[in-house]
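Colleague: Encoded as structure tokens, here's the structure I'll be asking about.
The values are calculated or read from the model by the stated rules, or taken from the named source; none is laboratory data. The structure displayed is predicted, hence computed values, not measured ones. Note that we place each Cβ from the backbone using ideal geometry, even for glycine, and neighbour counts take in every protein chain shown.
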Amino acid sequence: MSLLQIEEIGVRSVLTPQEGERALSFYDFSLNPYQGCGMGCSYCYVIRYPFAEAHPAPWGAWVRPKMNAPFLLGKARQKVWGKRIFMSTATDPYQYVERKYRLTRRCLKVLLECNLERLTVHTRSHLILDDLDLLLRFGDRLVVGFSIPTDDDEERKRLEPNAPTIAGRLKTMRRLREAGIEVRAAVAPVLRCCPERFAGLLSEAADRAWVDTVRHEGQTYLRDRQEDVAFFRGRAYREMVEELEARLWMAGLMRRG
Ligand code: SF4
């Protein structure tokens with residue numbers, strides 16, 4: 001992993017309300033304990049956000065721990081009482097600096113006091129297991145979304161070089177499930193994979209799965225990878241995604257509702 005630039009910051013707010021109709025959304029507030037992300041995935045759409053565009057360093061090379069995030073969340077207990085929280089939409093709450101700062105852990109402790117209707121934790125990192133003790137206390141109100149866009153670790157190394165290995169992710173997902181936590185595989189976006197093998201691996205590691213395609217590639221770091229852009233826009237890619245979806249349906253991982 002390349003050297004990560006860490007800038008501790010204080011913020012005015014740590015919660016972002018979800019706009020629009022509640023029925024159309026699965027969360028009321030997103031919660032991002034960090035700004036920036038050391039994973040630096042090539043397809044990450046967050047590089048288009050103003051705070052990322054304004055940063056002089058490339059996406060993936062910096063992270064700003066929001067040092068007052070747990071404190072602000074504590075002050076917002078009433079606001080989130082009984083609500084649905086998604087952690088996180090613009091960072092990975094279990095990126096490696098969490099071992100040093102424990103902001104996600106401290107936020108979880110506050111959320112345990114907020115009678116949440118639903119907590120969705122979204123990550124691709126084994127560090128989530130550090131907080132198993134707290135996560136289990138949310139019971140069936142907790143869902144873990146686990147990002148795993150391919151079964152091919154060479155593809156992972158090319159497009160998510162700082163992220164945990166595919167084998168490591170599958171292992172973490174299985175451990176979470178064994179602990180009784182609902183795990184939803186986020187195959188989003190689908191990268192090059194072997195649909196048959198991938199669906200088989202996911203059926204052992206996840207309760208459900210959802211799939212999305214590579215999008216906005218011209219506005220992510222994929223724009224510098226012409227060969228990849230051509231592939232993701234091509235017919236072979238569409239057919240691969242369709243086959244993966246079909247196999248996930250057959251495996252019972254994709255359900256309506
Ligand atoms: S882990 Fe998520 S937020 Fe971080 S770079 Fe990858 S896609 Fe973006």
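Colleague: State which residue is nearest to the ligand (Cβ to nearest atom) when the search covers only the range 81-99 and only residues that are surrounded by fewer than 22 Cβ atoms within 10 Å (Cβ to Cβ) and farther than 20 Å from Arg169 by Cα.
Modeller: Looking at residues that are surrounded by fewer than 22 Cβ atoms within 10 Å (Cβ to Cβ) and farther than 20 Å from Arg169 by Cα, I get Arg84.
Colleague: Cβ contacts < 7 Å: first residue farther than 16 Å from Gln5 by Cβ and touching a residue at least 40 places away in the same chain (Cβ under 8 Å), restricted to the range 48-60; second residue more than 10 Å from the ligand (Cβ to nearest atom) and in a helix (DSSP H, G or I), any location; separation 6+ or different chain. Result?
Modeller: Arg48/Gln219
Colleague: Let me ask another. Which members of the range 119-156 meet the condition of being part of a strand (DSSP E or B) and either among the polar types (S, T, N, Q) or closer than 16 Å to Pro33 by Cα (or both)?
Modeller: Scanning the range 119-156 gives Leu119, Thr120, Val121, His122, Thr123, Ser147.
Colleague: Checking the condition farther than 27 Å from Ser88 by Cβ, surrounded by 14 or more Cβ atoms within 10 Å (Cβ to Cβ) and in contact with a helix residue (DSSP H, G or I) (Cβ under 8 Å, 6 or more places away or on another chain), which residue from Arg175, Arg192, Arg169, Arg247 passes?
Modeller: Answer to the selection: Arg247.
Colleague: Tell me whether the range 39-61 contains one or more residues that are at pLDDT 95 or above, touching a helix residue (DSSP H, G or I) at 6+ places or on another chain (Cβ under 7 Å) and under 15 Å from Leu103 (Cα atoms).
Modeller: No, the range 39-61 contains no residue that is at pLDDT 95 or above, touching a helix residue (DSSP H, G or I) at 6+ places or on another chain (Cβ under 7 Å) and under 15 Å from Leu103 (Cα atoms).
Colleague: Looking at the range 21-53, which of the residues that are within 24 Å of Met67 (Cβ to Cβ), near the ligand (Cβ under 9 Å from one of its atoms) and small (Gly, Ala, Ser) is surrounded by the most Cβ atoms within 10 Å (Cβ to Cβ)?
Modeller: Gly36
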